[in-house]
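The values are calculated or read from the model by the stated rules, or taken from the named source; none is laboratory data. Given the structure is predicted, the values throughout are model-derived calculations rather than measurements. Ideal geometry is used to build each Cβ from the backbone, glycine not excepted, and the neighbour counts take in all protein chains shown.
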Amino acid sequence: MSAEVFWFSEQPYGHVTSQDLAPYESGRMHFPNTNFDPEKAHVLYNNYHDQYALADEVGFDGIMSNEHHSAYWCMKPSVNIDAAVLTKVTKRAKIAMLGNVIAVSDPVKMAEEVAMLDCISGGRIISGFVRGTAVETLHAGISPTENRDRFEEAHDLIVKCWTDPGPFRWEGRYFPHRMVNPWVVPMQKPHPPVWFPGTGSPESVIWAAKHQYPYMNLGSLLDLTKQLKDIYFETAREVGFEPGPQHFGYLMRCLVADTDEEAQEIGRTFLWTEDHRNRGPVEFNDPPGYQSREALRIKMSRPVIGTGTVGRRMSYEDLQEAHNIIVGSPETVIKKLRYVRETLDPGYILIYGNEGNMPHEAVMRSIELLGTKVIPALKED
């Protein structure tokens, strides 16, 4: 199968600088929201939605969105609100929501909202479920040791809301409901496709495979990603289904410009404020009980990117050599994406396409070149 290509942006508040962050112990827990200007955010939000519309127009197969909380690099506290905008500014692209932090949210409300979006979009929704970061678990007033169990119960309740007629009773440990009777159900049957993203936890890969959900790796190095893919495929065969490229996707940072030189200069912005995202007390970023030691070991080996909170520092040049950041002219990017495709054989190529204060015009040009030059070349192979 030909890989589907998705556009992704975390919608950063690009006016923040390393100098702004330097006085604070943590860029997430201590950096005050007095640095947020709603007038500037208004401009940024509309720029990001213009980028979505262009990605749809020039031929991306889908657009991916997410949510984070208390994060200056992601101005999306609600992926569902962003997806609602996407249903109106796009016409044909799939809308992948990676995703709702269901471990700390009301699962019934999440089920209803995703079903509503699926109906509005005409069945274009891909629903992603995430555990959320340790910081988001703590912000919700929930013990990190409960996160995985809460996630799994919330998942089961959401799927039941989509597939079983109501009303019904739910005797859950964390989300008990005497009566569940959602009126809105999804257009897609039995329910919208579900993706599960991860940054390196083997437990997450195994869970996704056992549920036959496609696993989206968010920016691990290629060697580690191949190991995680092997775990997925082995688990899938153990539970009785034959996996293929359609069960695996890979996210990488990518920018295209008219020349290699221009792309190299703009692409440096992918390292925007990376030294500050993970700073802070370990009890916030990695509290006891949130993840296994093996998951932490793997995450410590991966490069830091905007979607993660733990990782190791790599230079701009080293990240390019590792094909974790791909920048260049259309010809250069086509060559590098072909290498990634040959190495991993992903069914989904996820383009993390902007960061920080990248000029809006440069991002729009990158989307145009990706849609008119790069994606057609990949589809022709």
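Filtering segment 157-176 to residues that are in contact (Cβ under 8 Å) with a residue 40 or more places away in the chain and touching a strand residue (DSSP E or B) at 6+ places or on another chain (Cβ under 7 Å) leaves 157, 161. Report yes if some residue within segment 132-140 is modelled with pLDDT of 95 or more and not aromatic (Phe, Trp, Tyr); otherwise report no. No, because not a single residue in segment 132-140 is modelled with pLDDT of 95 or more and not aromatic (Phe, Trp, Tyr). Just one of the listed residues (66, 47, 80) is touching a Pro at 6+ places or on another chain (Cβ under 9 Å) and surrounded by 14 or more Cβ atoms within 10 Å (Cβ to Cβ), namely 66. Contact map, segment 177-195: residues that are free of Cβ contacts under 8 Å to residues at least 60 places away in the same chain paired with residues that are assigned to a loop (DSSP other than H, G, I, E, B), Cβ distance under 6 Å, separation 6+ or inter-chain. Pairs shown: 179/167; 181/166; 181/167. If you filter segment 220-235 down to residues that are assigned to a helix (DSSP H, G or I) and touching a Lys or Arg at 6+ places or on another chain (Cβ under 8 Å), you find that the one that is modelled with the highest pLDDT is 235.
For every residue, the table says whether it meets (1) of a type outside the set (A, V, I, L, M, F, W, C); (2) touching a residue at least 40 places away in the same chain (Cβ under 8 Å); (3) surrounded by 12 or more Cβ atoms within 10 Å (Cβ to Cβ); (4) part of a loop (DSSP other than H, G, I, E, B).
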site	(1), (2), (3), (4)
2	yes, yes, yes, yes
7	no, yes, yes, no
10	yes, yes, yes, yes
15	yes, yes, yes, yes
23	yes, no, no, yes
28	yes, yes, yes, yes
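Restricting attention to segment 312-324, the residues that are of a type outside the set (S, T, N, Q), crowded, with 18+ Cβ neighbours inside 10 Å and part of a helix (DSSP H, G or I) add up to 1. Within segment 153-199, the set of residues being within 18 Å of the chain's Cα centre (by Cα), surrounded by 20 or more Cβ atoms within 10 Å (Cβ to Cβ) and in a loop (DSSP other than H, G, I, E, B) comprises 192, 199. There is at least one residue in segment 113-122 that is under 23 Å from residue 246 (Cα atoms), in contact with a Pro (Cβ under 9 Å, 6 or more places away or on another chain) and either modelled with pLDDT under 95 or not hydrophobic (A, V, I, L, M, F, W, C) (or both). Of all residue pairs spaced 6 or more apart or on separate chains, those with beta-carbon atoms under 6 Å, a first member in segment 234-260 that is under 17 Å from residue 98 (Cβ atoms) and a second member that is of a type in the set (Phe, Trp, Tyr) are 248/215; 249/348; 251/352; 253/270; 253/352. Taken over segment 205-226, the residue count meeting the criterion of being buried (at least 19 other Cβ atoms within 10 Å of the Cβ), touching a Leu at 6+ places or on another chain (Cβ under 8 Å) and hydrophobic (A, V, I, L, M, F, W, C) is 3. Would it be correct to say that residue 202 is under 18 Å from the mean Cα position of the chain (by Cα) and buried (at least 22 other Cβ atoms within 10 Å of the Cβ)? So residue 202 fails the test. Of the strands (runs of 3 or more DSSP E) contained entirely in segment 53-138, those carrying at least 3 residues that are hydrophobic (A, V, I, L, M, F, W, C) and out of contact with any Ser or Thr (no Cβ under 8 Å at 6 or more places or on another chain) fall at 125-130.
Consider residue 213 carefully, then state whether it is aromatic (Phe, Trp, Tyr) and without any contact (Cβ under 8 Å) to a residue 60 or more places away in the chain.
Details: aromatic (Phe, Trp, Tyr): yes; without any contact (Cβ under 8 Å) to a residue 60 or more places away in the chain: yes.
Yes.
Could you check, for segment 72-84, whether at least one of its residues is without any contact (Cβ under 8 Å) to a residue 12 or more places away in the chain and closer than 23 Å to residue 364 by Cα? Yes.
Of the residues in segment 100-110, none is at positive phi and either out of contact with any Lys or Arg (no Cβ under 7 Å at 6 or more places or on another chain) or surrounded by 22 or more Cβ atoms within 10 Å (Cβ to Cβ) (or both).
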